[in-house]
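Engineer: My structure is below; once you've seen it, I'll send some questions.
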Amino acid sequence: MPIDRSIIIPAHNEAACLPDLLSELQMVLDQLPGESEILVVDDGSTDETPSILEHWAVREPRLRWFRMNGNFGQSAAFDAGFRAARGAVLVTLDADGQNPPSEIPRLLAALDGCDMVCGWRYGRRDHWTKHLASKFANTLRRWVLEDGIHDTGCSLKAFRREAVARIKLFHGLHRFLPALVQMEGFEVHEIRVAHRARHGGQSHYGILNRMLGPLIDLLAVRWMKRRSRKWRATEARTLTTSPVEAQPAEQEVS
C-alpha cells in the first residue's frame with residue numbers, strides 16, 4: 001500500500017521523552033487522511049530508548065525503528081531516515097518533545113505550492129544562552145548563504161521526497177538543509193510553529209558545539225553554493241525526411 005507521509009525522528013538517549021511524543025504523534029496521524037509511517041532512528045542510545053521502541057513497535061504498526069551502529073550525530077540519523085522512508089512526503093521532528101506533533105498538519109498544508117517547509121519557532125522555551133547562540137548562528141548563516149530562512153535549527157520540517165533525493169548529508173549538514181534543497185532547484189518556504197520546554201532528558205546542544213564545527217560547515221556549504229550550477233539539457237534529435245519522424249521531440253533533464 002502506498003505511503004503518503006513518513007515521520008522521521010532521530011533519537012539519542014530520549015527515553016524520558018519518547019513515550020509522550022509517540023502518543024501525541026499517534027493521535028495526530030489518526031486524524032490525517034491516507035497512510036503514514038513513523039521512522040525513529042536510534043543514534044546509538046545508551047539508555048532505555050531501544051527497549052521503549054521495541055515495546056512501541058508491537059503496539060503501533062506504523063512504527064519502524066532503526067538502530068545505528070554507533071553515535072554518528074543528527075545528520076547521519078536524518079540521512080538514514082530519508083533513505084529508509086517510503087512516503088511521498090517526509091516530515092522531520094526532534095525526539096525531545098519540544099516540536100509539537102500537532103503542528104504537522106499545518107506544515108503539510110503549507111507544502112502545497114512549494115517543495116520544503118521549515119518550521120520557525122516562536123515563543124521559544126529554551127535557556128537564554130541557547131536562544132542567543134541560535135539567534136547568532138541563524139543570522140550569520142542567513143547572511144552568508146542568503147537562503148532567507150530564519151530558523152534552520154528547528155527540526156520540524158516537511159519535504160517532498162524528490163527535494164532530498166539527491167542530497168548527501170555529510171556530518172553537520174542537517175543545519176543547512178534549506179540551502180541544500182534550494183541548490184537542487186527546489187522552492188523553500190517557512191511558517192511559524194509553536195515550541196515547548198523540554199520536560200525530560202538532557203539537551204545535547206550547547207554553545208561550544210555550535211561554534212567551530214558549524215562555522216567550518218557553513219563555509220563549506222557557501223563554497224558548494226558558489227560552485228553549483230543550475231543547468232538544463234534538452235535532447236536534440238536529427239530531423240529525417242519522414243513527416244512523422246520529423247515532428248519536434250524534446251526531452252529535458254535537469
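The values are calculated or read from the model by the stated rules, or taken from the named source; none is laboratory data. Just so it is clear, the model here is predicted, and its values are computed rather than measured. Neighbour counts run over all protein chains shown; Cβ positions are idealised from the backbone, glycine included.
Engineer: Looking only at the stretch 1-21, which residues are surrounded by 21 or more Cβ atoms within 10 Å (Cβ to Cβ) and either in contact with a Phe, Trp or Tyr (Cβ under 7 Å, 6 or more places away or on another chain) or among the β-branched types (Val, Ile, Thr) (or both)?
Structural biologist: Those that are surrounded by 21 or more Cβ atoms within 10 Å (Cβ to Cβ) and either in contact with a Phe, Trp or Tyr (Cβ under 7 Å, 6 or more places away or on another chain) or among the β-branched types (Val, Ile, Thr) (or both): Ile7, Ile8, Ile9, Pro10.
Yes/no per residue for (1) buried (at least 18 other Cβ atoms within 10 Å of the Cβ); (2) more than 19 Å from Met1 (Cα to Cα); (3) modelled with pLDDT of 95 or more:
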| position | (1), (2), (3) |
| --- | --- |
| Ser36 | yes, no, yes |
| Val40 | yes, yes, yes |
| Ser45 | yes, yes, yes |
| Leu63 | yes, no, yes |
| Ala84 | no, no, yes |
| Gln98 | yes, yes, no |
| Pro105 | no, yes, yes |
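Engineer: Take Asp115 and tell me if it is touching a Phe, Trp or Tyr at 6+ places or on another chain (Cβ under 8 Å), more than 30 Å from Gly70 (Cβ to Cβ) and at pLDDT 85 or above. Full working, then the answer.
Structural biologist: Working: touching a Phe, Trp or Tyr at 6+ places or on another chain (Cβ under 8 Å): yes; more than 30 Å from Gly70 (Cβ to Cβ): yes; at pLDDT 85 or above: yes.
Yes.
Engineer: Another question, then. Consider Val58 carefully, then state whether it is β-branched (Val, Ile, Thr) and touching a helix residue (DSSP H, G or I) at 6+ places or on another chain (Cβ under 8 Å).
Structural biologist: Values: β-branched (Val, Ile, Thr): yes; touching a helix residue (DSSP H, G or I) at 6+ places or on another chain (Cβ under 8 Å): no.
The answer is no for Val58.
Engineer: The conditions are (1) within 20 Å of Gly73 (Cα to Cα); (2) at pLDDT below 85; (3) assigned to a loop (DSSP other than H, G, I, E, B); (4) touching a Gly at 6+ places or on another chain (Cβ under 7 Å), and Gln202 fails exactly one of them. Which is it?
Structural biologist: Gln202 satisfies every listed condition except (4).
Engineer: Report the residue count in the stretch 131-166 for those that are assigned to a helix (DSSP H, G or I), basic (Lys, Arg) and buried (at least 22 other Cβ atoms within 10 Å of the Cβ). Outline the logic, then answer.
Structural biologist: Kept after step one, since they are assigned to a helix (DSSP H, G or I), are these residues of the stretch 131-166: 131-145, 161-164.
Now restrict to residues that are basic (Lys, Arg): 135, 141-142, 161.
This time we only want the ones that are buried (at least 22 other Cβ atoms within 10 Å of the Cβ), so: 141.
Matching residues across the stretch 131-166 total 1.
Engineer: How do the pairs read when you match residues in the stretch 162-185 that are closer than 15 Å to Gly81 by Cα with residues anywhere that are basic (Lys, Arg), using Cβ under 9 Å and keeping only pairs 6 or more apart or on different chains?
Structural biologist: Going by the 9 Å Cβ cut-off, the qualifying pairs are Leu177/Lys157.
Engineer: Of the conditions (1) modelled with pLDDT of 70 or more; (2) touching a Leu at 6+ places or on another chain (Cβ under 6 Å), Ala246 clears all except one; give me its number.
Structural biologist: (1)
Engineer: Further question: Which residues, taken from the stretch 74-106, are of a type in the set (Lys, Arg) and outside any helix (DSSP H, G or I)? Steps first, answer last, please.
Structural biologist: Within the stretch 74-106, the first condition is being of a type in the set (Lys, Arg), and the residues that meet it are 83, 86, 106.
Within the stretch 74-106, just Arg86 meets the criteria.
Engineer: Still on this structure: Would you call Ala109 surrounded by fewer than 18 Cβ atoms within 10 Å (Cβ to Cβ), at pLDDT 95 or above, within 17 Å of the chain's Cα centre (by Cα) and part of a strand (DSSP E or B)? I'd like the intermediate steps shown before the answer.
Structural biologist: Values: surrounded by fewer than 18 Cβ atoms within 10 Å (Cβ to Cβ): yes; at pLDDT 95 or above: yes; within 17 Å of the chain's Cα centre (by Cα): yes; part of a strand (DSSP E or B): no.
No, not satisfied.
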